[in-house]
Amino acid sequence: MKKQTIRCPYCGSPAILRDASYVYGSNAFDGKVYVCSHYPACDSYVGVHQGTLLPKGSLAGPGLRKKRIQAHRIFDQLWRQGVFSRQEAYRWIADRFCLQTRQAHIGNFSDYMCDQLIQEASKVLKNNHIPLSMAG
Ligand SMILES: [Zn+2]
């Protein structure tokens, strides 16, 4: 596979593939992350899909990382609670944001899109009388 240069969207520096412990510390999961080469001055990174070297999305700073985790938690409720199948849930994202299904990944979402997703997913949960749980 051709190796692509992944750049930090905040400072434009190339990202470096490192062990997860580099950003998460010694009790990190056993995986890899793409980290901005100016880390920690530029606090920006993204994990890879398990068992691959493919980034889960674009590099994200602290605020966006938190937002994406939050958006994912609410989105996951849609299929965990049985409103949609997992596949349908991703199609639902794609429809909502006019994306191709393969682009419909929260790892690529901006802060704004995360907010929209949180809002839309909360609405669906509410309409299905599912209490919003941030636990899972
Ligand atoms: Zn950077």
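Condition first: hydrophobic (A, V, I, L, M, F, W, C) and not in a helix (DSSP H, G or I). Now tell me which residues in segment 72-86 satisfy that. Let's see the steps before the verdict.
Residues of segment 72-86 hydrophobic (A, V, I, L, M, F, W, C): 74-75, 78-79, 83-84.
Selection gives Val83, Phe84.
So, Cys42, is that one modelled with pLDDT of 95 or more and under 22 Å from His105 (Cβ atoms) or not?
Working: modelled with pLDDT of 95 or more: yes; under 22 Å from His105 (Cβ atoms): no.
Spelling it out, it is not the case that Cys42 is modelled with pLDDT of 95 or more and under 22 Å from His105 (Cβ atoms).
Mind listing whichever residues of segment 17-30 are out of contact with any Lys or Arg (no Cβ under 8 Å at 6 or more places or on another chain) and crowded, with 16+ Cβ neighbours inside 10 Å?
Restricting attention to segment 17-30, the residues satisfying the condition of being out of contact with any Lys or Arg (no Cβ under 8 Å at 6 or more places or on another chain) are 21-30.
Correct list: Tyr22, Val23.
Quick one: Arg102 ticks every box in (1) in a helix (DSSP H, G or I); (2) touching a residue at least 24 places away in the same chain (Cβ under 8 Å) except a single one, so which number is it?
Just one mismatch for Arg102, condition (2).
So that you can scan it fast, the table gives a plain yes or no per residue for (1) among the acidic types (Asp, Glu); (2) surrounded by 14 or more Cβ atoms within 10 Å (Cβ to Cβ):
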| site | (1), (2) |
| --- | --- |
| Tyr90 | no, yes |
| Asp95 | yes, no |
| Gln100 | no, no |
| Ile106 | no, yes |
| Met113 | no, yes |
| Ala121 | no, yes |
| Leu125 | no, yes |
| Ile130 | no, yes |
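Quickly run through segment 48-73 and pick out the residues that are away from the ligand (no atom under 16 Å from the Cβ) and under 12 Å from the mean Cα position of the chain (by Cα).
Here is the first cut: in segment 48-73, the residues away from the ligand (no atom under 16 Å from the Cβ) are 48-54, 56, 66-73.
Val48, His49, Lys56, Lys66, Lys67, Arg68, Ile69, Gln70, Ala71, His72, Arg73, listed by residue number.
On the given criteria, is Ile106 modelled with pLDDT under 95, of a type outside the set (Asp, Glu) and not assigned by TED's automatic domain parsing to the domain that holds Gly12? Before the answer, list the steps.
Numbers: modelled with pLDDT under 95: yes; of a type outside the set (Asp, Glu): yes; not assigned by TED's automatic domain parsing to the domain that holds Gly12: yes.
Taking the combined requirement at face value, the residue satisfies it.
When residues of segment 10-30 are filtered for being modelled with pLDDT under 90 and either within 16 Å of the ligand (Cβ to nearest atom) or not hydroxyl-bearing (Ser, Thr, Tyr) (or both), how many remain?
Count: 5.
Across segment 31-47, which residue is farthest from the ligand (Cβ to nearest atom) among those that are among the small types (Gly, Ala, Ser) and buried (at least 17 other Cβ atoms within 10 Å of the Cβ)?
Let us first name the residues in segment 31-47 that are among the small types (Gly, Ala, Ser), namely 31, 37, 41, 44, 47.
Filter once more, so that each one left must be buried (at least 17 other Cβ atoms within 10 Å of the Cβ): 44, 47.
Working: Ser44: 4, Gly47: 16 Å.
Across segment 31-47, the extreme among qualifying residues is Gly47.
The values are calculated or read from the model by the stated rules, or taken from the named source; none is laboratory data. As the structure is a computational prediction, the values presented were derived from the model and not from experiment. All Cβ positions, even for glycine, are placed from backbone atoms using ideal geometry, and neighbour counts span all protein chains on display.
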